[in-house]
Amino acid sequence: MICSQNISDQFEFIQNRSEYQMEESEERSSSAQSKRSLANKTPEPCLVCGVPTSTLHLQVNACYACAAFYRRSINTHSAYRCQKNNTQCDLTIKTIGKPLCRLCRYNKCVEVGMTINKSRGNDEFENVTTEFSSVDLEEIYEKIKNIFEKSTSTSQSAEISYTQQFTDILTKLLETSKPKTSLTLLTDNDLRLNFVMNQFVKCAKMLSKYSPFAALTLEEKFQLHSHFWEAFNLSERCYQALQHFGNDTNDTRIPVDGSQYIDFSDLSQLLDESDSKYVFLAPFLKKAASFLCTFKKTNITTFEFAYMSQIALWSCYGLSTLSESTQNLAEKIVKQISDDLHDYYVNDLRLSSYAARQAQLFRLISFGDLIVRDKREMLIAKEIFDFGPNSFSFCQFETNYFDFLKKCRI
């Protein structure tokens, strides 16, 4: 058993090895997929590594493992070094426990003509971006309704788990919402509010691409989206902080949009102690800062973030209006994604004992739920106490939107 005190440091070391281990796992998966396809088609050698494959990937006859490797290498290949220092490694020769030469593999992928439409996936989220001039609830509602009405259940490949599917979709959203290279301290609340509204719509777009969600009724899609949004947005902002500012827990900056950040270490930037809102906002912001530090200390991967997001989505026991079939589906998916996480730890990261690591993820999920509940209580306080028309501008959109959904009986 890995000691809880040291697990984050040890996992950071494991993360550095994970790309190599992912390649081995993908090669095993590709080989197994080829064997299953023999009954239907005669496989041909992958043009990169020689493994039999019956499917085109990235416009060429290549196995899934090499295609996945090429996707990951687009932005990282400049750091690759040849194992033999001559860029002439034989990629068809496999050595147990040793990954293929990354530089030679990448060069071969380019040589055989692998093609990635870089804008295709991200455009799905860029195209829903709107310059909102105000909190137009009718406009936002119609945008999400159109997204949900167009989303239909699609057949899922038996080779792809729900978590892998969600990871692929989530990665595209994260790419379009990541902060710019240089961020400035928050000064423009209108810019932040516009970003939040667009993230709300993008979250709906992400869920609409997720096959089990796409199969639900329109009413249930709205219910789950509203149930899921706040916890997801909190974790997504912390994930972007981890990626942009690093995992130093003393750095409490967090991006609030694509170009601005706030620093939890100095609440005076956000409100004055004499402000009537301080008694409500200060404890909430301190909890949010603690959540950010815990998130950074855990140093989660994208796959783990996808797992946490799915747990948050399908932990819908409090939504009594959901049908029994949807509740049963939620239980089934939670079990499957737990199996997915087990496979990820054991096969991809070679983490033989991961109970403490998984406990850290559940701690984050529970912590996020606590913050969401506190936020809702703060919004109730806003209705009771008069803080002025411009108070809680960040929360105003969410409060008004959820009230609007109730009005529409969604």
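The values are calculated or read from the model by the stated rules, or taken from the named source; none is laboratory data. Note that this is a predicted model, so its numbers are computed, not measured. All Cβ positions, even for glycine, are placed from backbone atoms using ideal geometry, and neighbour counts span all protein chains on display.
Among the residues of segment 61-95, write down those that are assigned to a loop (DSSP other than H, G, I, E, B) and small (Gly, Ala, Ser).
Ala62 - this is the single residue of segment 61-95 that is assigned to a loop (DSSP other than H, G, I, E, B) and small (Gly, Ala, Ser).
When Gln310 is evaluated against the numbered criteria (1) assigned to a helix (DSSP H, G or I); (2) modelled with pLDDT under 95; (3) in contact with a helix residue (DSSP H, G or I) (Cβ under 9 Å, 6 or more places away or on another chain), which criterion, by number, is the only one it fails?
(2)
Listed here are the residues, each with its yes/no results for (1) over 24 Å from Ile333 (Cα atoms); (2) in a helix (DSSP H, G or I); (3) acidic (Asp, Glu).
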residue: Leu207; (1), (2), (3): no, yes, no
residue: Phe213; (1), (2), (3): no, yes, no
residue: Leu216; (1), (2), (3): no, no, no
residue: Lys221; (1), (2), (3): no, yes, no
residue: Glu230; (1), (2), (3): no, yes, yes
residue: Gln240; (1), (2), (3): yes, yes, no
residue: Asp251; (1), (2), (3): yes, no, yes
residue: Tyr261; (1), (2), (3): yes, no, no
residue: Phe280; (1), (2), (3): yes, yes, no
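Every residue in segment 261-290 that is buried (at least 18 other Cβ atoms within 10 Å of the Cβ), modelled with pLDDT of 90 or more and either outside the structural domain of Asp190 (by TED's automatic domain parsing) or out of contact with any Ser or Thr (no Cβ under 6 Å at 6 or more places or on another chain) (or both), please.
Those that are buried (at least 18 other Cβ atoms within 10 Å of the Cβ), modelled with pLDDT of 90 or more and either outside the structural domain of Asp190 (by TED's automatic domain parsing) or out of contact with any Ser or Thr (no Cβ under 6 Å at 6 or more places or on another chain) (or both): Tyr261, Ile262, Ala288.
Hey, among the residues in segment 81-95 that are touching a Cys at 6+ places or on another chain (Cβ under 8 Å) and hydroxyl-bearing (Ser, Thr, Tyr), which one's nearest to Cys49 (Cα to Cα)?
Thr92
Against the definition (in a loop (DSSP other than H, G, I, E, B), modelled with pLDDT under 90 and surrounded by fewer than 19 Cβ atoms within 10 Å (Cβ to Cβ)), how does Phe402 come out, yes or no?
Answer is no for this residue.
Going by the structure shown, is Arg357 modelled with pLDDT of 70 or more and loosely packed, with under 15 Cβ neighbours inside 10 Å?
So Arg357 does not fit the description; no.
List the residue pairs whose Cβ atoms are under 6 Å apart, where the first residue sits in segment 336-354 and is within 15 Å of Tyr307 (Cα to Cα), the second is assigned to a loop (DSSP other than H, G, I, E, B), and the two are 6 or more positions apart or on different chains.
Cβ pairs passing all conditions: Asp340/Ser161; Tyr345/Leu351; Tyr345/Tyr354.
Identify all residues within segment 98-118 that are in contact with a helix residue (DSSP H, G or I) (Cβ under 8 Å, 6 or more places away or on another chain) and at pLDDT below 80; write none if there are none.
Ile116
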